[in-house]
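The next block holds one structure in the form of structure tokens; read it before the comments.
The values are calculated or read from the model by the stated rules, or taken from the named source; none is laboratory data. No experiment lies behind these values; they were computed from the predicted model shown. Glycine also receives a Cβ, built like all others from the backbone with ideal geometry; neighbour counts cover every protein chain displayed. In case anyone asks, the SASA skips ligands and DNA or RNA and just uses the protein heavy atoms, side chains included. Shrake-Rupley method; radii C 1.70, N 1.55, O 1.52, S 1.80 Å.
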Amino acid sequence: MKAFDSQLFKRITQYAKPYQWRFNSVIIWAVLLSIFAALRPYLLKETVDEYIQHKDHLGLLFYISLMIGLLLLEVVSQYFFVYWANWLGQDIIKDLRKKLFEHIIHFKMKYFDGAPVGKLVTRTVSDTESIASIFSQGLFMIVSDVLKMLVIIVIMFYMNWKLSLIVLVAMPLLVYATRVFQIKMKHAFEDVRTHIASINTFIQENVTGMKIVQLFSREDLEFEKFKEINKQHQNAWIKTVWYNSIFFPIADIISSLTLGSIVWYGGITILNGENLTTFGDLFAYIMMINMLFNPLRQIADKFNVLQMGMIAAQRVFEILDSNQHIEDSGKITDIQFKGNILFKDVVFGYLPEEPVLKEFNLEVKIGETIAIVGATGAGKSTIINLLSRFYEINSGSITIDNIDIKDIQLATLRSQIGVVLQDVFLFSDTIFNNITLNNPNITEQEVINAAKKIGIHDFIESLPEGYQYNVKERGVMLSSGQRQLIAFLRAYVTNPSILVLDEATSSVDSYSEELIQKATETITQGRTSIIIAHRLATIINATKIIVLDQGKVAEIGSHSELLNLDNGHYKNLYESQFLATNKEN
């Protein structure tokens with residue numbers, strides 16, 4: 001495994017192109033910073049040799065002033081260098097996060113079926129933040145340190161080439177140690193990022209499913225599993241600490257031995273009266289060795305940050321490079337559906353080897369209200385997923401008004417299909433915003449009028465703050481029946497040409513069911529409607545009822561027609577539910 005992936009790094013820097021002037025400015029400040037920092041030891045040498053030894057007070061004052069001025073310039077350069085580098089990093093991750101989130105929200109549902117939510121959260125939040133550190137603490141800091149080291153080496157040889165050779169003998173050892181350190185740290189940080197994603201995924205799942213955890217008394221078991229995952233994360237970090245604890249003492253020993261050799265050799269030449277070394281050289285070299293070796297140590301440390309950012313970038317780009325979108329090549333955008341739906345020889349399976357629909361055929365005529373019933377796993381909800389193109393069919397065709405849905409732009413298709421799901425999702429926002437989904441074209445008065453028509457205005461007004469009531473995350477402040485009513489209103493205000501109700505009354509109280517029945521009668525009028533239900537009592541008045549069995553249409557007819565079929569699927573379902581209801585009563 002490479003310690004540094006140049007192709008990946010090149011791709012990351014592409015995101016700096018919109019901010020090229022700032023990128024170039026940071027480089028310029030890095031150059032100035034290295035020059036100003038490296039000149040200070042040389043001025044110290046001149047001060048000692050030319051003015052302190054010769055007791056030149058005026059010259060000493062002048063050079064001290066020069067060093068103060070140089071220090072101020074270094075501080076100013078450091079300020080602009082650090083500020084602009086961090087600013088650039090934040091702008092880059094702002095753009096990257098936008099691109100990543102835009103990419104994710106267009107993924108097809110099949111991707112989310114298998115991708116842990118915690119993993120996506122990690123990629124979008126913490127991994128992108130690590131990418132920012134490439135620019136704020138990694139790349140530019142390394143560039144600055146390398147430039148500083150090069151300038152110092154040049155000044156060293158200009159001052160005293162023999163002392164400089166002693167320094168250069170030690171440099172390869174430190175460079176080699178740094179290289180080995182970089183490779184080891186890359187492996188270690190990959191483990192760290194993997195375990196961070198695992199922790200995020202585990203916590204997200206348990207917080208979301210907390211009711212199940214507590215209901216089945218799994219707190220202790222889940223805590224033990226978390227302890228194990230947390231321990232693995234700790235071990236990954238300890239590995240990085242172990243590498244650091246080896247490298248930095250080695251770097252300190254090499255630096256100290258080099259400094260000792262310089263003092264020893266320089267001191268001997270001065271004591272022997274040789275004109276090879278001056279006191280100013282010793283002062284300057286003691287200062288420059290620290291300035292030379294410390295950046296090399298810091299480069300290794302900053303390379304850690306760079307590696308973390310590179311690994312994070314690799315994970316983010318894996319998602320950006322994944323082609324998980326439903327193909328949106330439809331050219332038809334300006335169309336108003338009449339509502340004639342036709343499934344023809346449709347074959348589909350969530351897994352290729354396990355088809356859910358097999359040569360499925362169904363026609364829903366304009367204005368019809370049909371009901372689809374069947375046992376669990378028969379393919380009822382799958383029909384809705386395919387009609388809205390959340391999944392692609394394996395073969396066959398689905399048309400609306402004799403137009404293949406693949407020829408219709410996705411946004412146009414979905415905007416004219418209103419869906420009420422069994423599991424209603426509400427955002428942590430007001431009821432009004434959950435109904436309109438922040439569509440600026442829907443006014444509050446339109447929402448109120450629609451609520452009155454389907455009979456739920458009084459229910460909303462009875463809540464604190466009415467339509468501005470915040471339902472909190474996933475609508476926890478409302479009952480399941482109330483959430484269903486909000487979902488009905490959400491679908492109704494969009495004035496869809498086709499309406500789909502998926503198990504809309506499967507888990508509500510009798511009062512809410514009464515409101516939902518009234519709402520159903522209102523919003524299905526004048527539009528093609530598909531009702532999927534387990535509770536057969538709710539679809540008795542449907543125009544026709546489709547009975548699914550193992551992915552195929554088993555029976556079609558009205559409620560009374562299907563009840564007259566001897567040993568029919570619908571008759572058996574209805575009688576089993578009727579008997580179950582009587583036993584409960």
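General remarks:
- The stretch 484-514 - residue that is touching a Gly at 6+ places or on another chain (Cβ under 6 Å) and modelled with pLDDT of 75 or more and, of those, most open to solvent (accessible area, probe 1.4 Å): THR494
- Residue-level check: of (1) more than 23 Å from SER558 (Cβ to Cβ); (2) within 34 Å of the chain's Cα centre (by Cα), GLY379 misses just (1).
- Scanning the stretch 550-567 for residues that are in contact (Cβ under 8 Å) with a residue 40 or more places away in the chain and either open to solvent by less than 30 Å² (accessible area, probe 1.4 Å) or part of a loop (DSSP other than H, G, I, E, B) (or both) yields GLN550, GLY551.
- Some residue of the stretch 539-549 being in a loop (DSSP other than H, G, I, E, B), at pLDDT 85 or above and open to solvent by 60 Å² or more (accessible area, probe 1.4 Å): no
- Against the list (1) without any contact (Cβ under 8 Å) to a residue 24 or more places away in the chain; (2) under 20 Å from ASN323 (Cα atoms); (3) crowded, with 16+ Cβ neighbours inside 10 Å, the condition THR122 fails is (1).
- Scan of the stretch 454-475 for residues that are farther than 11 Å from ILE431 by Cβ and either among the polar types (S, T, N, Q) or at pLDDT 85 or above (or both), ordered by number: HIS457, ASP458, SER462
- Residues located in the stretch 316-341, provided they are hydroxyl-bearing (Ser, Thr, Tyr), closer than 30 Å to ARG527 by Cα and either part of a strand (DSSP E or B) or at pLDDT below 85 (or both): SER329
- Per-region count, the stretch 467-483, residues free of Cβ contacts under 8 Å to residues at least 40 places away in the same chain, farther than 21 Å from THR520 by Cβ and surrounded by 15 or more Cβ atoms within 10 Å (Cβ to Cβ): 3
- Residue in the stretch 222-242 that is out of contact with any helix residue (DSSP H, G or I) (no Cβ under 8 Å at 6 or more places or on another chain), assigned to a helix (DSSP H, G or I), over 30 Å from LEU39 (Cβ atoms) and of a type in the set (Val, Ile, Thr) present: yes
- Qualifying residue in the stretch 291-300 (condition: β-branched (Val, Ile, Thr) and loosely packed, with under 14 Cβ neighbours inside 10 Å): no
- Helices (runs of 4 or more DSSP H) contained in the stretch 109-221 and holding at least 3 residues more than 29 Å from ILE238 (Cβ to Cβ): 109-114, 140-159, 161-208, 210-215
- Residue within the stretch 247-256 that is surrounded by fewer than 17 Cβ atoms within 10 Å (Cβ to Cβ), under 30 Å from the mean Cα position of the chain (by Cα), in a helix (DSSP H, G or I) and among the charged types (D, E, K, R) present: no
- Tally, over the stretch 150-201, of residues that are of a type in the set (D, E, K, R), in contact (Cβ under 8 Å) with a residue 60 or more places away in the chain and open to solvent by 80 Å² or more (accessible area, probe 1.4 Å): 1
- LEU357 satisfies every condition listed in (1) buried (at least 18 other Cβ atoms within 10 Å of the Cβ); (2) under 30 Å from the mean Cα position of the chain (by Cα) except (2).
- Restricting the first member to the stretch 202-218 and to residues that are among the β-branched types (Val, Ile, Thr), and the second to residues that are modelled with pLDDT under 75, the beta-carbon pairs closer than 7 Å and six or more apart or on different chains are ILE203/GLY118.
- LEU478 being modelled with pLDDT under 85 and either assigned to a helix (DSSP H, G or I) or closer than 22 Å to ALA450 by Cβ (or both): yes
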